[in-house]
1. Could you please find all residues in the stretch 239-270 being without any contact (Cβ under 8 Å) to a residue 40 or more places away in the chain, out of contact with any Phe, Trp or Tyr (no Cβ under 7 Å at 6 or more places or on another chain) and aliphatic (A, V, I, L, M)?
2. Which of the residues belonging to the stretch 111-138 are among the aliphatic types (A, V, I, L, M) and under 25 Å from SER86 (Cα atoms)?
3. Anything in the stretch 28-46 that is of a type outside the set (Ser, Thr, Tyr) and crowded, with 18+ Cβ neighbours inside 10 Å? List them, or say none.
4. Only one of GLU141, GLU88 is under 30 Å from ARG256 (Cα atoms), free of Cβ contacts under 8 Å to residues at least 12 places away in the same chain and of a type outside the set (Gly, Ala, Ser). Can you tell me which?
5. Among the residues of the stretch 1-27, which ones are part of a helix (DSSP H, G or I), of a type outside the set (D, E, K, R), surrounded by fewer than 20 Cβ atoms within 10 Å (Cβ to Cβ) and at pLDDT below 95?
6. Can you tell me which residue among ASP61, ASP44 is free of Cβ contacts under 8 Å to residues at least 24 places away in the same chain and either within 20 Å of GLY131 (Cα to Cα) or out of contact with any Asp or Glu (no Cβ under 6 Å at 6 or more places or on another chain) (or both)?
7. Given the conditions (1) under 20 Å from GLY77 (Cα atoms); (2) β-branched (Val, Ile, Thr); (3) in contact with a strand residue (DSSP E or B) (Cβ under 8 Å, 6 or more places away or on another chain), report the number of the one that ILE185 does not fulfil.
Amino acid sequence: MEKQDVIPRMGFGTFGRNGKEGIDAILCALETGYRHLDTAQTYDTEFEVGEALRRSGLKRDEVFLTTKISTDNFGPGALVPSLEKSLEALRIDQVDLTLIHWPAPYGRIPLEVYMTQIAEAQARGLTRLIGVSNFTIALLEQTEALLGKGKIANNQFELNPILQNKKLANYCQEKEILVTCYLPIARGMLSDEPVLRSIGEKHGETPEQVAIAFELAKGYCTIPTSGRPERIRSNFKASSITLSPDEIAAIETIDRDHRVVDPDWGPKWD
């Protein structure tokens, strides 16, 4: 089995799912059928994810857990201890996938400093798989040169029907690096997209559900989030929608490079 095949394609993002309400939302996701939870050190939701998993009654190996290393923990000797703290917050012995959340701001810490540390974390058994987030093609190529082929299981970046990131997504798929889409429903900006509305009406579904179905049809992983039970269930239902090749082609035409997350310290996007 390819390493990326063990990653459930339908995930639940946990950004903003803090406190009791956050635990309730994550529990609702697990009860709905999500089996992949995505957290990060900077989300401050690792405790909530661990608590929801514990309360759910599901076995540890039934739920795939992803976390991400903050750029604050890239310095020499800092990454592994930070991941150990994440495991303590989650109350587990090993995370399934650990990502570098962003390349170092302004490149102030060399790539090899933190990429060799995340490889060390994997070698120590703290994480089954390793990957990256917000990495460009150039950064992925540098990472492959550092770590060798096939080490990076996943690249998570902003992707949805109005920001399809085709050059980067195609590169990842050629390299057998699973693409995970964050902001997969573009923070509610898809409701008035005529193509999505038309396809949604045909299927009896919402534009947001069509967007998720599109991402899954492309072979990507998608991690929508919500604090509302009805939206949590609606997003999950999108995994059962089958789009025709013509519908997928139509959605591919509405890409307009509309990027939401673009910090000035981030990488030079492809």
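The values are calculated or read from the model by the stated rules, or taken from the named source; none is laboratory data. A quick note: this is a predicted structure, and the numbers were derived from the prediction, not measured. Heads up, the Cβs are rebuilt from the backbone with ideal geometry, glycines too, and the neighbour counts pull from every protein chain shown.
1. Within the stretch 239-270, ILE241, ALA249 meet the criteria.
2. LEU111, VAL113, MET115, ILE118, ALA119, ALA121, ALA123, LEU126, LEU129, ILE130, VAL132
3. Residues satisfying the conditions are CYS28, ALA29, LEU30, HIS36, LEU37, ASP38, ALA40, GLN41, GLU46.
4. GLU141 is the lone residue from the list that is under 30 Å from ARG256 (Cα atoms), free of Cβ contacts under 8 Å to residues at least 12 places away in the same chain and of a type outside the set (Gly, Ala, Ser).
5. VAL6 - this is the single residue of the stretch 1-27 that is part of a helix (DSSP H, G or I), of a type outside the set (D, E, K, R), surrounded by fewer than 20 Cβ atoms within 10 Å (Cβ to Cβ) and at pLDDT below 95.
6. It is ASP61.
7. All conditions pass for ILE185, except number (1).
Yes or no, residue by residue, for (1) among the aliphatic types (A, V, I, L, M); (2) crowded, with 21+ Cβ neighbours inside 10 Å; (3) in a loop (DSSP other than H, G, I, E, B):
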position	(1), (2), (3)
GLU176	no, no, yes
VAL179	yes, yes, no
VAL195	yes, no, no
ILE199	yes, yes, no
GLU205	no, no, yes
GLU208	no, yes, no
ALA238	yes, yes, no
LEU243	yes, no, yes
